[in-house]
Amino acid sequence: MTALLHFLFVVIKSSILGLVYTPLIWFLWVLILKARKKYTGFKWYKIFAVYKIVSILLLAFSFTYYGNHGLGDDSRIPLGHGEAMEESDQFAYFVPKGKSEQIHVDTYLLKGDNLCMSVDSGYKVYNLKTKGVINFSDEPMYNAFAVSYGLPLSRHLKSFRPQYDEYWSGWRFWLLP
């Protein structure tokens, strides 16, 4: 039920953002047509057509890799290279691309292409580009590796919710569905 309500919210937000973006796009389109001396005048049906296209494109964008932030109880943060950190029922997890196993993540931080995570069995560093993973059984081993490679120390790793709020707030909240 929450997924359905969240989807309805995304549809409404896409429609409202369409109302904001349509005049901007229309103004730019009129400038281009006037520069080419092809402007034929103001027509409401043309503006409504632009509005429908913009709203549908915004809704479609909300389901792409960079626009999808989850529906209902599921939350998602894109990390890059087609990978994403996800949360469901307040438990964060990571599924490496091409694998079916979920890695339950307590805290994590992304530094460049390296995803540093504290997990149930210790610590992991997953390289998003090479798909390689390095496992550490305890904190001192991970911290020694982190210092030598310029990665965040274990005390700097954060849980999912603050990073979700940081990623999806600001301009993404106001300008994307």
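The values are calculated or read from the model by the stated rules, or taken from the named source; none is laboratory data. Quick caveat, the model's predicted, so the values are computed rather than measured. Cβ sites come from the backbone with ideal geometry, for glycine too, and all protein chains shown count toward neighbours. To get the accessible areas, we keep the full protein, side chains included, count just its heavy atoms, and leave off ligands, DNA and RNA. Shrake-Rupley method; radii C 1.70, N 1.55, O 1.52, S 1.80 Å.
So here's what we get for this one:
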quantity	calculated
Area accessible to solvent at Ser154, 1.4 Å probe radius, in Å²	20
Asp120 - accessible surface, heavy atoms, 1.4 Å probe, Å² rounded to 10	120
Probe 1.4 Å, accessible area per residue of segment 1-110, Å²	65
With at most 12 other Cβ atoms within 10 Å, longest stretch of the chain clear of loop chymotrypsin sites (Phe, Trp or Tyr not before Pro) (DSSP)	67-177
Relative contact order of the chain, pairs being alpha-carbon contacts under 8 Å that are 6 or more residues apart, as %	18
Size of charge dipole - the chain - debye, nearest 20, with Cβ of Lys, Arg +1 and Asp, Glu -1, no other charges	1620
Where trypsin sites (Lys or Arg not before Pro) fall in DSSP loop in segment 13-71, at most 16 other Cβ within 10 Å	Arg36, Lys37, Lys38, Lys43
All-pairs Cα distance distribution in the chain, expressed in whole percent, bin size 5 Å	1, 7, 14, 15, 14, 11, 9, 8, 7, 5, 4, 2, 1, 1, 0
Per-residue SASA entry for Arg172, accessible area with 1.4 Å probe, Å² rounded to 10	60
Sparse-neighbour loop sites [GluC sites (Glu not before Pro); segment 83-136; at most 16 other C-beta within 10 Å; DSSP]	Glu101
Of all accessible heavy-atom area on segment 58-158, the percent that carbon and sulfur account for (1.4 Å)	52
